[in-house]
Amino acid sequence: MFKPPKSRLPQVGTTIFTVMSALAAEHQAVNLGQGFPDFPCDPALLEGVNRAMQAGHNQYPPMAGVAVLRDAVARKVETLYQRSYDPVGEVTITAGATQAILTALLAVVHPGDEVIVLEPCYDSYVPGIELAGGVLVKVPLTPGSFRPDFAAIAAAITPRTRALIINSPHNPSATVWSDAEMQALQTLLAPTDIVLISDEVYEHMVFDGHRHCSAASYPGLAERAFIVSSFGKTYHVTGWKIGYVAAPAALTTEFRKVHQFNVFTVNTPMQYGLAAYMEQAEPYLNLPAFYQRKRDAFRAGLAKTGFSLLPSEGSYFQCAGISGISPLGDAAFCRWLTSEIGVAAIPLSAFYTDGFDQKIIRFCFAKQDQTLERALERLQKL
């Protein structure tokens with residue numbers, strides 16, 4: 001009798017996101033757990049993709065991505081972050097940011113290498129490390145403020161440390177790393193050969209006049225970094241699964257060795273459509289104001305409830321404390337909130353490997369105004 005092989009990811013089951021979405025559907029709840037928009041993208045972007053298909057761009061593109069899109073990415077990065085990347089040898093178009101992160105891990109992490117992850121974190125990081133044969137080293141962000149603890153990061157570094165993953169603007173906490181923090185990281189990593197994987201998918205969602213501090217802007221970080229971003233997040237087309245990685249030539253060479261065999265290349269007409277759309281910078285330059293308006297309206301509504309609001313400095317997430325509302329833990333509260341109040345959220349404990357519960361939940365405000373208004377009407381019953 002056939003015996004199934006041993007699982008490569010024995011700890012992985014149905015994610016909290018799948019569970020909460022199913023519960024939301026069952027109870028016809030307003031789903032603010034899903035981390036993607038419920039509104040359409042700019043019709044001009046769709047028209048660009050249609051033009052590309054009609055022009056015959058429907059076969060395999062180059063493995064690294066079409067030249068015009070890599071050129072557009074390089075120009076944007078240099079304009080915003082003052083770092084010049086060669087579009088030929090240092091920019092790669094990927095099948096979304098999650099694929100980019102996994103590919104970076106597979107490219108540089110050997111079995112037994114240690115990878116530092118700052119928790120809470122996006123749920124793909126840890127499985128990616130395990131698939132690469134790496135050893136997970138968890139360092140918590142400071143509870144409550146979710147700022148990086150550089151003494152703790154320094155204490156976690158050993159001769160076996162191969163990589164460190166950072167994420168700013170941060171999912172799930174909505175914090176944004178400051179210039180001082182990026183400078184501190186640069187100083188900390190300077191005497192090491194640690195590779196940095198900088199997850200910057202929410203780069204264009206930074207509020208209150210602040211700026212995104214990309215690792216590309218810091219020479220000591222850029223020389224060792226995979227910079228990861230997402231067209232899906234920026235242009236409201238998460239289902240297209242297109243992102244990019246900018247990295248020095250030596251790192252890009254190793255990245256593409258893996259990329260060509262786990263993806264090979266990425267949807268051709270969408271690449272051409274995105275390249276044409278990027279000729280105008282306004283869509284991403286106007287994104288902070290677009291999302292800040294939604295954030296401010298959502299926070300104003302939540303202020304009329306018993307939630308305690310954490311700062312939302314960037315991304316399209318808002319975290320809220322529940323201690324003033326319920327004695328339940330965050331996961332049980334989210335299930336209750338969905339079934340009894342009719343609004344779905346995600347418990348912050350889901351972003352910790354050990355389920356650390358600070359009685360904080362995460363809402364996504366990347367929704368139509370009427371969606372947010374409907375959710376607030378229900379939440380204000382609390």
Going by the structure shown, is A344 touching a residue at least 60 places away in the same chain (Cβ under 8 Å), surrounded by 15 or more Cβ atoms within 10 Å (Cβ to Cβ) and among the hydrophobic types (A, V, I, L, M, F, W, C)? yes
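Residue by residue, here is whether (1) β-branched (V, I, T); (2) at pLDDT below 95; (3) more than 24 Å from E90 (Cβ to Cβ); (4) surrounded by 12 or more Cβ atoms within 10 Å (Cβ to Cβ) holds:
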site	(1), (2), (3), (4)
M20	no, yes, yes, yes
D42	no, no, yes, yes
G48	no, no, yes, yes
A52	no, no, yes, yes
Q59	no, no, yes, no
R70	no, no, no, yes
R75	no, no, no, yes
Scan L372, L382 and give me the residue that is in contact with a Phe, Trp or Tyr (Cβ under 7 Å, 6 or more places away or on another chain) and not in a strand (DSSP E or B). L372
When you scan region 143-240 for helices (runs of 4 or more DSSP H) that lie fully inside it, which ones turn up with 3 or more residues that are more than 15 Å from the chain's Cα centre (by Cα) and more than 18 Å from Y125 (Cα to Cα)? 150-156, 179-189, 219-222
Condition broken by E282, with the remaining ones in (1) under 18 Å from R362 (Cβ atoms); (2) surrounded by fewer than 16 Cβ atoms within 10 Å (Cβ to Cβ) satisfied: (1)
For region 77-93, which positions are out of contact with any Pro (no Cβ under 9 Å at 6 or more places or on another chain) and crowded, with 22+ Cβ neighbours inside 10 Å? V77, Y81, V91, T92
Any residue in region 64-72 that is of a type in the set (D, E, K, R) and either assigned to a helix (DSSP H, G or I) or closer than 18 Å to W240 by Cα (or both)? yes
So, in region 291-320, exactly how many residues are farther than 24 Å from R378 by Cβ and surrounded by fewer than 16 Cβ atoms within 10 Å (Cβ to Cβ)? 0
Filter region 343-363 for residues that are part of a loop (DSSP other than H, G, I, E, B) and small (G, A, S); the one that is nearest to E130 (Cα to Cα) is G355
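Tell me the residue from V137, V108 that is at negative phi and free of Cβ contacts under 8 Å to residues at least 60 places away in the same chain, please.
V137 is the lone residue from the list that is at negative phi and free of Cβ contacts under 8 Å to residues at least 60 places away in the same chain.
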Selection count, region 353-372, where residues are surrounded by fewer than 19 Cβ atoms within 10 Å (Cβ to Cβ) and among the aromatic types (F, W, Y): 1
The lone exception for K6 - which of (1) closer than 17 Å to A275 by Cβ; (2) among the basic types (K, R); (3) free of Cβ contacts under 8 Å to residues at least 40 places away in the same chain it fails: (1)
Selected residue (only one of R83, R75, R51 is more than 23 Å from the chain's Cα centre (by Cα), over 23 Å from K257 (Cβ atoms) and either among the basic types (K, R) or in a loop (DSSP other than H, G, I, E, B) (or both)): R51
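Counting only residues that are among the aliphatic types (A, V, I, L, M) and crowded, with 17+ Cβ neighbours inside 10 Å, which one in region 231-264 is farthest from L102 (Cα to Cα)?
If we filter region 231-264 for residues that are among the aliphatic types (A, V, I, L, M), which is where we start, we get 237, 242, 245-247, 249-251, 258, 263.
This time we only want the ones that are crowded, with 17+ Cβ neighbours inside 10 Å, so: 237, 242, 245-247, 251, 258, 263.
Details: V237: 21, I242: 14, V245: 12, A246: 15, A247: 15, L251: 14, V258: 10, V263: 11 Å.
Once the filter is applied, the top-ranked residue is V237.
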Pick from region 110-135, criterion among the aliphatic types (A, V, I, L, M) and not in a loop (DSSP other than H, G, I, E, B), ranking: surrounded by the fewest Cβ atoms within 10 Å (Cβ to Cβ): L131
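Quick check on I166: is it among the β-branched types (V, I, T) and either surrounded by 23 or more Cβ atoms within 10 Å (Cβ to Cβ) or not assigned by TED's automatic domain parsing to the domain that holds T142 (or both)? Even if it seems obvious, please write down each step before you answer.
On the way: among the β-branched types (V, I, T): yes; either surrounded by 23 or more Cβ atoms within 10 Å (Cβ to Cβ) or not assigned by TED's automatic domain parsing to the domain that holds T142 (or both): yes.
Here the answer is yes, as I166 does meet what is asked.
Residues are listed down the side, and each one gets a yes or a no for (1) in the same structural domain as P127 (by TED's automatic domain parsing); (2) over 30 Å from G133 (Cα atoms); (3) in contact (Cβ under 8 Å) with a residue 40 or more places away in the chain:
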{"position": "M1", "(1), (2), (3)": "no, no, no"}
{"position": "Q28", "(1), (2), (3)": "no, yes, yes"}
{"position": "N58", "(1), (2), (3)": "yes, yes, yes"}
{"position": "S84", "(1), (2), (3)": "yes, yes, no"}
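The values are calculated or read from the model by the stated rules, or taken from the named source; none is laboratory data. All values reported here derive from a predicted model rather than from experimental measurement. Counting neighbours? That spans all protein chains shown, and the Cβs are built from the backbone with ideal geometry, glycine included.
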